[in-house]
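Structure first, then comments.
The values are calculated or read from the model by the stated rules, or taken from the named source; none is laboratory data. It should be emphasised that the depicted structure is a prediction, and the values quoted were computed from it without experimental measurement. So basically every Cβ, Gly included, is an ideal-geometry build from the backbone, and we count neighbours across all protein chains shown.
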Amino acid sequence: MKIEKQALEDRQVELTVEVPRERLEGAMRAAARRLSQQTKIPGFRPGKAPYQIVLSKFGEEAVFEEALETLGQEVYRHALDESEIDPFAPGIMDEIVSRDPLIIRYTVPLAPEVTLGDYRELRIPYETPEIQDDAVEEVMEGLRERQALIEPVDRPAQPGDVVVLDIYGELTSPEEGEDPVLVDAKGVSVLAEEKTTFPIPGVLQYLEGLEAGGEVTFEHIFPDDYESEDLRKRAARFTLKCVEVKSRHMPEWSDDLAKEIGDFEDLADLRQKVRERLEEQAKQETDAAYRDKVIDALVEGSEVSFPPILLEEEIERLVRDVEARLQAQNLALDDYLKIEGKTLEAFREELKPSAIERLKRGLVLGKLVEDEGLEVEDQEVDAQIDRIMGSFEADPRGDLRRVFSSESSRQRIALDLLTEKAIQRLVRIAKGEPEPAQTEPQAETETTAEAQQSEPEEQPKE
């Protein structure tokens, strides 16, 4: 066989193979025998009808297609061996270039290629978050507000009251086809304070003096910096009907109030615990943002190339993720697409940038694992399974543990741990910290399905 090999830009190889005439003729005759075995031909036993009789009954094209089912696979495997190509995923029979002589063109995906930049010189400043006193006081005030005594009163609303309203609001000049109704809600409790922004900023001026059974209608133009861009500079008309007015008495801070709020020794203990919680939350958010920043820097400094089939698989994973989230809301993907007015093809195209980013991150982190020689021991996987099991309720029959202990689950857990180790090492490098003698895996690891790579297969798809 004559084989021409041409490298493509996106980690693929194009193979053009000329099949000897005698090889095609042998495949055609074998195909004719198979067809005659499958279909009764008058006057002949199954599989014994002459070749020309089979051709006249089924037609040469049908026999050729049947022959190609087997011949195409055989030619593909032979071409791979002769070209010394190790496919990353199933190849594709692109086209029959010629019938006489028979020339077949295949596209073969190759393994992704990743070249990391000089990541050991990567340095990114890490800024430890600081919690300001006013942030603590804001949380403290929220806790105090939850302890407020709220009770109905027979008087006009005053600042600080809770006003129960029926609210209706609509745009005064809606655009064509636009729903003018902004809000239509019954029995909404609104705090009569300057900071209240629902249904509009500055609503206090319309609440003050309102009595149960009273009603106020007003027009409002949303400011240039309103949070919803669609409403900026637009006019709307609102009607507020007062259902009930409630007074709101805030308790004074005391050690007893702190004890009522929770398991705290006194007011100072409550304030300290609030600060510690805010500091921990800020550290987690800062650490997560820093991890993303160093991974992005690693990806940006690396060269990544992958075959299109990997991208298609990643897009499909994202589609399945969206579908699972929709199912949790009792909504089918098809219904969601109808609501959004999108086709599945358009939706997949929208997901493409995210899929490329996830794919690159996974491949780059996988390469970092390889270059750094990171490994995961069996006992680390066992420990991680124990931590996972700790987040579930009792498992008396051991069903969950058996699921997590299966070979496929252990492999996924090991991959997660490996990726977490790679990220931890990269973070230490970026901070300029020395590498410890041994790193304990964290209790929680990031999902790294995007880093998984399919095993090579040698069967082309038609």
Open item on the list: Looking at Ala111, Ala89, can you tell me which residue is in a loop (DSSP other than H, G, I, E, B) and in contact with a strand residue (DSSP E or B) (Cβ under 9 Å, 6 or more places away or on another chain)?
Closed with: Ala89
TODO: Scan Arg237, Arg232 and give me the residue that is assigned by TED's automatic domain parsing to the domain that holds Glu178, in contact with a strand residue (DSSP E or B) (Cβ under 6 Å, 6 or more places away or on another chain) and on the phi < 0 side of the Ramachandran plot.
DONE: Arg237
Open item on the list: Quick check on my filter: what residues within the stretch 24-52 are charged (D, E, K, R) and in a loop (DSSP other than H, G, I, E, B)?
Closed with: Lys40, Arg45, Lys48
Task: Matching residues in the stretch 14-69 - criterion: being surrounded by fewer than 18 Cβ atoms within 10 Å (Cβ to Cβ) and in contact with a Gly (Cβ under 6 Å, 6 or more places away or on another chain) - done: Arg33, Gln37
Task: Inter-residue pairs, beta-carbon under 9 Å, first more than 14 Å from Glu300 (Cβ to Cβ) and in the stretch 351-364, second assigned to a helix (DSSP H, G or I) and of a type in the set (Lys, Arg), 6+ apart - done: Ala355/Arg317; Ala355/Arg348; Arg358/Arg317
TODO: Could you figure out which of (1) of a type outside the set (Ser, Thr, Tyr); (2) assigned to a helix (DSSP H, G or I); (3) surrounded by fewer than 16 Cβ atoms within 10 Å (Cβ to Cβ) isn't true of Val136?
DONE: (3)
TODO: Give Ala297, Ala288 a once-over and let me know the one that is under 23 Å from Glu357 (Cβ atoms), of a type in the set (A, V, I, L, M, F, W, C) and free of Cβ contacts under 8 Å to residues at least 24 places away in the same chain.
DONE: Ala288
- [ ] Could you check, for the stretch 270-283, whether at least one of its residues is outside the structural domain of Asp154 (by TED's automatic domain parsing), in contact with a Lys or Arg (Cβ under 9 Å, 6 or more places away or on another chain), more than 20 Å from Thr128 (Cβ to Cβ) and surrounded by fewer than 17 Cβ atoms within 10 Å (Cβ to Cβ)?
- [x] no
Task: Only listed residue being exposed (fewer than 13 other Cβ atoms within 10 Å of the Cβ), under 28 Å from Glu113 (Cβ atoms) and in the same structural domain as Arg105 (by TED's automatic domain parsing), chosen from Asp94, Asp86 - done: Asp86
Open item on the list: Condition first: surrounded by 15 or more Cβ atoms within 10 Å (Cβ to Cβ) and charged (D, E, K, R). Now tell me which residues in the stretch 368-386 satisfy that.
Closed with: Glu372, Glu380
TODO: Output the number of residues of the stretch 97-106 satisfying the condition of being touching a helix residue (DSSP H, G or I) at 6+ places or on another chain (Cβ under 8 Å) and crowded, with 16+ Cβ neighbours inside 10 Å.
DONE: 3
